[in-house]
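Report on the following structure.
The values are calculated or read from the model by the stated rules, or taken from the named source; none is laboratory data. Please read all numbers here as calculations on a predicted model, not as lab measurements. All Cβ positions, even for glycine, are placed from backbone atoms using ideal geometry, and neighbour counts span all protein chains on display. Accessible surface is based on the protein model in full, side chains and every heavy atom, while ligands, DNA and RNA are left aside. Shrake-Rupley method; radii C 1.70, N 1.55, O 1.52, S 1.80 Å.
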Amino acid sequence: MSLTILVTGASAGFGAAIARRSIRDGHRVIATARRVERLEALAQELGPNLLPVALDVTDPKATDALPGCLPEGWREVDVLVNNAGLALGMDPAQSASMEDWDTMVATNVTGLMHVTRALLPHLLTRPVATIVNLSSTAASYPYPGGNVYGATKAFVSQFSLNLRTDLVGTNVRVTSVEPGLCGGTEFSSVRFHGDDARAAGVYAGTQPITAEDIAETVAWVVGLPKHVNINRVEMMPTCQAAGPLAIKRQG
Ligand code: 8X3
């Protein structure tokens, strides 16, 4: 069955991979992002089944107006993929940038919340609908410098679970996808404010999860029969595992 899938943050990384995979699977994609020229390039690549829509998820006026701005024929959204999000900085809390913290909360928490609230009434009218929220292993496993980033992702995971309690008995499913180390995207470069050498160091000697692995997971979640809801998917590359708790010893 061909679905209409709205993906936020679709101009690169996970979002672009999810758009590519969804089109390949015969669906239609509303690709939203701030960087319209990148969306236009994606539309050139993927053809008329991709609709590029400029959207800054941190602009509540724009997110709240989003459903009303969709053109005729694109309003029946079956799947919302809340992918837009970012990590900024890895400094300890006592020296981290407040501006970075505010940006992460505005995007990962407030933006996701507004897009979800705007689309929910429409999703409820579909025979079956799915919200897929991109969270992180950082939601469950703290690490030094993860402070606000991990906290925003804990919000995403818990919001997903709480949404289900409101939506139980409706046809709207909700899944939190929680990846660990993922390579091949701008994630670490953005986190380190363009320091690509430092970003590359994050992946040195590893085979991380890829954006295509995430797209595969989203395709699986979305394609399951309507009586199945996957609550959360935690995924790590085989080279990664949760570490021991830290102990600071004296001497
Ligand atoms: C991405 C995983 O470990 O960089 O969300 O926080 S991590």
The distance between the Cα centres of the stretch 16-88 and the stretch 193-213, in whole Å, is 25
Relative contact order of the chain, defined on C-alpha pairs under 8 angstrom at six or more residues apart (%):
19
Rel. contact order, % - alpha carbon contacts under 8 angstrom, at least six apart, the stretch 122-251:
28
Give me the 1.4 Å probe accessible area per residue for the chain, excluding ligands and nucleic acids, in Å².
50
In whole percent, how big is the carbon plus sulfur part of the accessible area of the chain, probe 1.4 Å, protein atoms only?
55
Angstrom value of the Kirkwood radius, inverse mean 1/r, which spans all Cα pairs in the chain
18.6
Pop out the ³J(HN,Hα) list for the stretch 25-36 in order, Karplus 6.51 cos²θ - 1.76 cosθ + 1.60 with θ = phi - 60°, rounded to Hz; leave Gly and Pro as x.
7, x, 9, 10, 10, 9, 9, 10, 5, 7, 7, 5
Ranked from highest to lowest mean number of other Cβ atoms within 10 Å per residue, what is the order of the peptides 53-64, 237-248, 36-47?
53-64, 36-47, 237-248
Packing-ranked peptide list from 206-215, 91-100, highest mean Cβ count within 10 angstrom first, is 206-215, 91-100
Neighbours of Leu3 by Cβ distance under 14 Å: Lys/Arg at +1, Asp/Glu at -1, summed charge +4
